[in-house]
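Reviewing the structure listed below.
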Amino acid sequence: MLRSVEITAELTNPPRDEDFHNLHWQKKVQLSLDCFICGRTRRTTTFEGGQEHALCSGDEEYPGHPTAGRIAAFDVTTERHRTTLRAVVDYWWAPFHDAKRDRASTALTRAPWVRLHLGYHCPQAGRSGAFSTQTNMVRPVPDACSHCARPLATSERAPALRLLT
């Protein structure tokens, strides 16, 4: 069955000034899913923009492997002091029983988790950097440039996940 998950996230940005760091969402999403290929629940699945398949982290028996999934939509809205991401991830799912954990799979794993990646360019150092935000962090989470320590963004609310189909 084809399933779709909508992921939304919002960051508060400091006012733009001469030290603008060109903060941007990267088209990379890591999502916990139940994988019918390796038959394991709660696997970290990595989706990259433009890729025709995703990668499941697997386990000892089935190390990381391709799985059916892709980023179907990736929309960014930037307002005065806020940047918002809306992504839709499509993936194939079929019911199975995880024998190792003795639990049935679900279309969106029992404890959904997502990590979203961001990039920036430091004008002072002339170098790029990256950071991420994810659902299981204690909020608020401020992030700063790893080169000059200027504030980049604050995550005040956890990214939201919603099963569409």
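Answer yes or no as to whether ASP102 is of a type in the set (Asp, Glu) and crowded, with 17+ Cβ neighbours inside 10 Å. When the stated conditions are applied, ASP102 does not pass them. Of the residues making up region 66-83, those that are out of contact with any His (no Cβ under 8 Å at 6 or more places or on another chain) and at pLDDT 95 or above number 5. Within region 84-92, is even one residue open to solvent by less than 60 Å² (accessible area, probe 1.4 Å) and not in a strand (DSSP E or B)? Scanning region 84-92, I find no residue that is open to solvent by less than 60 Å² (accessible area, probe 1.4 Å) and not in a strand (DSSP E or B), so the answer is no.
When SER146, SER128 are checked against the criterion of being open to solvent by 40 Å² or more (accessible area, probe 1.4 Å), modelled with pLDDT of 95 or more and not in a strand (DSSP E or B), SER146 stands alone in meeting it. The numbered conditions (1) under 23 Å from ARG139 (Cα atoms); (2) open to solvent by less than 50 Å² (accessible area, probe 1.4 Å); (3) not β-branched (Val, Ile, Thr) are all true for GLU10 except (2). Could you grab the pairs with beta carbons closer than 8 Å, sequence gap of 6+ or different chains, first residue in region 145-165 and under 23 Å from LEU31 (Cβ atoms), second one aliphatic (A, V, I, L, M) and not in a strand (DSSP E or B)? Qualifying pairs under 8 Å: ALA153/LEU23; SER155/MET137; ALA158/MET137; LEU161/LEU108; LEU163/ALA107; LEU163/LEU108.
When CYS122 is tested against (1) more than 22 Å from GLU10 (Cβ to Cβ); (2) open to solvent by less than 20 Å² (accessible area, probe 1.4 Å); (3) touching an Asp or Glu at 6+ places or on another chain (Cβ under 8 Å), just one condition goes unmet, and that condition is (3).
The set of residues in region 149-163 being open to solvent by 50 Å² or more (accessible area, probe 1.4 Å) and more than 17 Å from the chain's Cα centre (by Cα) consists of ALA149, ARG150, PRO151.
Is it the case that region 30-42 has a residue that's touching a Cys at 6+ places or on another chain (Cβ under 6 Å) and on the phi > 0 side of the Ramachandran plot? Looking for residues that are touching a Cys at 6+ places or on another chain (Cβ under 6 Å) and on the phi > 0 side of the Ramachandran plot, one finds none in region 30-42, hence no.
The values are calculated or read from the model by the stated rules, or taken from the named source; none is laboratory data. These numbers come from a predicted model, not from an experiment. Don't worry about glycine lacking a Cβ; one is built from the backbone with ideal geometry, like all the others, and counts go over all protein chains shown. Just the protein is used for accessible areas: all its heavy atoms, side chains included, with ligands, DNA and RNA removed. Shrake-Rupley method; radii C 1.70, N 1.55, O 1.52, S 1.80 Å.
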